[in-house]
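To start, the structure itself, in structure tokens.
The values are calculated or read from the model by the stated rules, or taken from the named source; none is laboratory data. Please read all numbers here as calculations on a predicted model, not as lab measurements. Positions of Cβ are backbone-derived with ideal geometry, glycine not excepted, and every protein chain shown enters the neighbour counts. Protein only, heavy atoms only, side chains kept; ligands, DNA and RNA dropped before computing areas. Shrake-Rupley method; radii C 1.70, N 1.55, O 1.52, S 1.80 Å.
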Amino acid sequence: MAVNRVVPIFQGEGRISYEPRPLPAVEAPDDVIVRIEACGICGTDLNILAVPPAHKATPGIVIGHEGVGIVGELGSGVSGLQAGDRVVIANRLTCGKCAYCRRGLDNQCTNYQTIGTTVDGAFAPYLRAPAGALWKISPTVPRDDAALFEPLACALGAVRRAPFQVGDNVAIIGAGPMGLLFALIYRAMGAGSIILIDIAPFRLEFALAMGMDAALNATEIEVAAEVKRLTGLGADIVVDAVGNQMAQAIALARRGGQVILFGLRPHDNPSVNQYTITRYDLTVHGTFVGLHPFAQTIQLLESGYVQPSVLITHRLPLTELERGVELMRTQQAMKVLIDMEI
Ligand SMILES: [Zn+2]
Ligand SMILES: [Zn+2]
């Protein structure tokens, strides 16, 4: 049988082994074979490869879900895609039948599968995916911007939850790739000041180099007082891109402001002062990967107003996936792209 070169296989317990695998082939009428051009390493991949894991994945699969590629072979039932189209991956595979799918809550499907965590993903030269998980994107969008489609969609889905006025001041806790994607979206939307908060100097310098208004090191400064000083009243919108910063997020919001909870830390139980939320009329949005964010994310990328490839600090070949993971884990890299074309 033909082999698809050697691909990294997730083995559980933080391990990857490189094994030969057959080329994926069309099996179902809606299958599409995609020649992967590049795939970003996500925080989720770091969590999958943590010991103990902080995100579930099925051992024996290829991980990777932030892929961009070119359509090859198509099943007989696929419409709207042609060989040669560039596509990006919307990695959620929803059932369409459960009580939540029937209510339009695709992000809460109780039979949720995802490309790159429960079925083979995009850290491989070829991927088989159902046509419904692929979105065509204009070839005018640079490949590396398209590669960040999936994390951008997650951030966009969260941003849409909090009513926004042009000029709103935004504070974002966590200046990693997700926090900075929020910053890029809010800049494009016409935010007033955008303030990033982190504890890693590399990330804070990165945020400033991207043109953000302020970058505060929470180990060096009393962040709530500084945000109040910079904004007058506190931030109109606060994003927790970390996942355990709700108390801090509440402290940064102005009266009547909004808090978006985005980061995922399943094992943390932060305590918050409920009185503050009530007394100061705060709105807290819990958000998870966004409701149907994909069409608008394509449109945003095609507009050119957000160019997420500015976050990419390293492009590595597939054989250096583990090195890329380590570079991100040790925060020597912002975003690492596995480039199948080098
Ligand atoms: Zn991701
Ligand atoms: Zn469902």
Nonlocal Lys pairs with alpha-carbon distance under 27 Å, the chain (8 or more apart, or different chains): 4
FRET E, pair residue 276, residue 166, Förster distance 30 Å, beta-carbon r, rounded to 0.05: 0.65
Distance from region 290-342 to region 204-281 (C-alpha centre basis), Å: 25
Accessible surface, 1.4 Å probe, highest first, among residues 55, 314, 285: 55, 314, 285
For the chain, share of DSSP beta bridges that run antiparallel, in % to the nearest 5: 55
Protein accessible area in region 1-125, 1.4 Å probe - carbon and sulfur %: 51
Cα gyration tensor shape for region 154-302, rounded if a/c is under 1.5, else prolate or oblate: rounded
Two-site FRET efficiency, residue 323 against residue 269, from Cβ-Cβ distance with R₀ of 30 Å, rounded to 0.05: 0.30
Value of [θ]222 nm, deg cm²/dmol, for the chain, DSSP H segments ≥ 4, -39500 (n - 2.57) each, nearest 500: -7000 deg cm²/dmol
Sorted peptide list for 263-274, 147-158, 323-334, 102-113, criterion being average Cβ within 10 angstrom, highest first: 147-158, 323-334, 102-113, 263-274
Whole-percent carbon and sulfur share, accessible surface of region 202-341, 1.4 Å: 48
Under-5 Å amide H pairs with residue 134, H placed in peptide plane, nonlocal only: 90
Solvent-accessible heavy-atom area per residue, rounded to whole Å², over region 39-174 at 1.4 Å: 39
